[in-house]
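Here's the structure, in structure tokens; my notes come after.
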Amino acid sequence: MKCDRCSQTIEPKEVQEHFGQNLCEDCYMDALSPAKTCDPWAVHSAQSFAKSKGSALELTEIQQQILLILKETGGAKPAAIADRLKIKPADLEREVAALRHMEKLRGELRDDKKFLILW
């Protein structure tokens with residue numbers, strides 16, 4: 001059997017049904033808990049945490065790579081970043097949401113296309 005979202009092969013006993021779709025575990029978790037980039041409480045929490053740590057938030061390796069790509073390019077489409085890092089778009093969305101909450105990056109429309117740029 002294949003996942004209806006990512007087409008990954010999954011064992012029948014591992015299938016998760018969600019609104020009529022047969023999903024793998026990763027896609028099921030993404031469906032239940034989608035990444036939210038615009039979350040005022042998450043921004044407040046990140047800022048409070050940064051203050052308590054002396055403004056030294058630790059970034060993951062992928063988060064550091066995303067910021068480096070944006071610094072090099074001046075902005076990039078999310079799909080291009082995911083391709084360059086060889087990660088799933090859903091994984092990129094989660095990393096972008098965290099970086100957005102830390103006010104490290106933001107979105108911008110260029111010719112009606114979504115780009116990610118440094119804050």
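The values are calculated or read from the model by the stated rules, or taken from the named source; none is laboratory data. Keep in mind the model is a prediction, meaning the values are calculated, not measured. Don't worry about glycine lacking a Cβ; one is built from the backbone with ideal geometry, like all the others, and counts go over all protein chains shown.
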query = Which one of the conditions (1) at pLDDT 90 or above; (2) part of a helix (DSSP H, G or I) does A42 fail to meet, given that it meets all the rest?
reply = (1)
ask   = So which pairs qualify, if the first residue must be in region 21-34 and at negative phi and part of a helix (DSSP H, G or I), the second must be surrounded by 14 or more Cβ atoms within 10 Å (Cβ to Cβ) and of a type in the set (D, E, K, R), the Cβ gap must be under 7 Å, and the two must be at least 6 apart or on different chains?
value = C27/R5
ask   = Can you tell me which residues in region 86-115 are surrounded by fewer than 16 Cβ atoms within 10 Å (Cβ to Cβ), of a type in the set (A, V, I, L, M) and within 19 Å of Q64 (Cβ to Cβ)?
value = none
message = Can you report the number of residues in region 89-108 which are assigned to a strand (DSSP E or B) and of a type in the set (G, A, S)?
response = 1
